1. Just the residues that are part of a strand (DSSP E or B) and not hydroxyl-bearing (Ser, Thr, Tyr), please, taken from the stretch 160-189.
2. Exactly one of these conditions fails for ARG206: (1) under 17 Å from SER121 (Cβ atoms); (2) in a strand (DSSP E or B); (3) not polar (S, T, N, Q). Give me its number.
3. Within the stretch 102-118, work out how many residues are out of contact with any strand residue (DSSP E or B) (no Cβ under 7 Å at 6 or more places or on another chain) and closer than 22 Å to LEU74 by Cα.
4. Starting from residues that are of a type in the set (A, V, I, L, M, F, W, C) and within 17 Å of THR337 (Cβ to Cβ), keep the ones in the stretch 266-302 and report whichever is modelled with the lowest pLDDT.
5. Touching a Gly at 6+ places or on another chain (Cβ under 7 Å), at pLDDT 95 or above, farther than 22 Å from GLY198 by Cβ and not hydroxyl-bearing (Ser, Thr, Tyr) - does that describe any residue in the stretch 57-71?
6. Just to be sure I understand, how many residues within the stretch 255-272 are surrounded by fewer than 21 Cβ atoms within 10 Å (Cβ to Cβ) and in a helix (DSSP H, G or I)?
7. Kindly indicate whether ILE278 is of a type in the set (Val, Ile, Thr), crowded, with 20+ Cβ neighbours inside 10 Å and within 25 Å of the chain's Cα centre (by Cα).
8. Give VAL42, VAL81 a once-over and let me know the one that is modelled with pLDDT of 95 or more, in contact with a Lys or Arg (Cβ under 7 Å, 6 or more places away or on another chain) and in a strand (DSSP E or B).
Amino acid sequence: MKKILLLALISSNFIFSQSFVPNAPELNLKSYILIDPNTNTVIAESNSEGQIEPASMTKVMTAYVVADQIKNGLISLEDKVLISEKAWKMGGSKMFIEVGKKVSVLDLLKGIMIQSGNDASVAIAEYVGGTEDGFVDLMNAYAGAIGMNNSYFANSTGLPSEGHLTSASDLAILTSKFITNFPDIYSLFKEKEFEYGGISGNKYNRNKLLWRDETSDGVKTGHTSSAGYCLIGSAKRANMRLITVVAGSDSSNNSFSDTQRLLEYGFRFYATQKYFEINKEYTTSKVWGGKIDTLSLGVKEDISITLPRTSFKDIKVNYKVKNNVQAPITKGQEIGTLEIISNNEIVLTSSLIALEEVEAKGFFGRLWSRFVLWIMSLFGIA
């Protein structure tokens, strides 16, 4: 009996000493991914690099191109767009714009991002790119520039077209870039309704997560018979944002519930914490031949990490500073590296940089420093 009790206590202590995180939910999908975009951490994924039909998730790329054109002053939200017959005739989901009328870029963006209007997508594509084909060239150029290496777009709407493919991973990259680069325009994705021209049909945002979860602020649904039901979702709780992409669900409701399950899994079992801030001293280095002897070292940008919540209790940081650092030193010069270690594994490596400039001493001062270093080297002193 004592042996059994002892084994039970040992087993219990062993279990509680481990960083236990359950496996991600099992989902009946073609592919999915769950990431923290601020740390580029993939929390869960399945076939996330495999190519999929994006359906109306394509419109996130369409809106991204327009947002960048606005940011660079090539167009403005107040510009009026003349609606072509091609745009007016587009089938599928519609904003209900009329041929020959002029509609503002802002209203067209709302029609794309809230109502998922194919007519609005073509209208704005023709305005920005001259033709929809010209706009598609821009879409693919932007996709390549931001690292969407598994994507090719053939239209601005997401309607089925040969070769019109992307991946869950690429759509997560796109959404992350959208949030970072164009936060004001991204905020349109969370608006629950938009009515244009007094026509109430299709005025509600199809993303049901906006009603189910108050922390959800996007992003875009998609569906065709060949693509299945798809969804890019995003939510922010406290200092942590998660983005998820699910593709190939067998029903609209399942695409929402699968997205919710992934988001809850990420927020429940993972956390993101900031460990280093820019312009703050974390360690120092001895300087030889400089007008000051000690140099402050820090990081070139804020550093956060995403880990299972139980892993943060074992975090350690190793600073590896170069030996025999000699002046002159420029601000921002790399002087060493730091390693963040959790559970005896390196989870992040980053540069240590000089936080200040160090001027060299005069000729005789530098000569003396080199002489001292030479003497030290004779005795094997670093």
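The values are calculated or read from the model by the stated rules, or taken from the named source; none is laboratory data. Everything quoted here is computed from the prediction, not taken from an experiment. Positions of Cβ are backbone-derived with ideal geometry, glycine not excepted, and every protein chain shown enters the neighbour counts.
1. The answer is LEU165, and nothing else.
2. All conditions pass for ARG206, except number (2).
3. 5
4. LEU295
5. So far as the stretch 57-71 goes, yes, one or more of its residues are touching a Gly at 6+ places or on another chain (Cβ under 7 Å), at pLDDT 95 or above, farther than 22 Å from GLY198 by Cβ and not hydroxyl-bearing (Ser, Thr, Tyr).
6. Going through the stretch 255-272 one residue at a time, the tally reaches 8.
7. Answer is no for this residue.
8. Working: VAL42 fails: in contact with a Lys or Arg (Cβ under 7 Å, 6 or more places away or on another chain).
Testing whether each residue is modelled with pLDDT of 95 or more, in contact with a Lys or Arg (Cβ under 7 Å, 6 or more places away or on another chain) and in a strand (DSSP E or B) leaves just VAL81.
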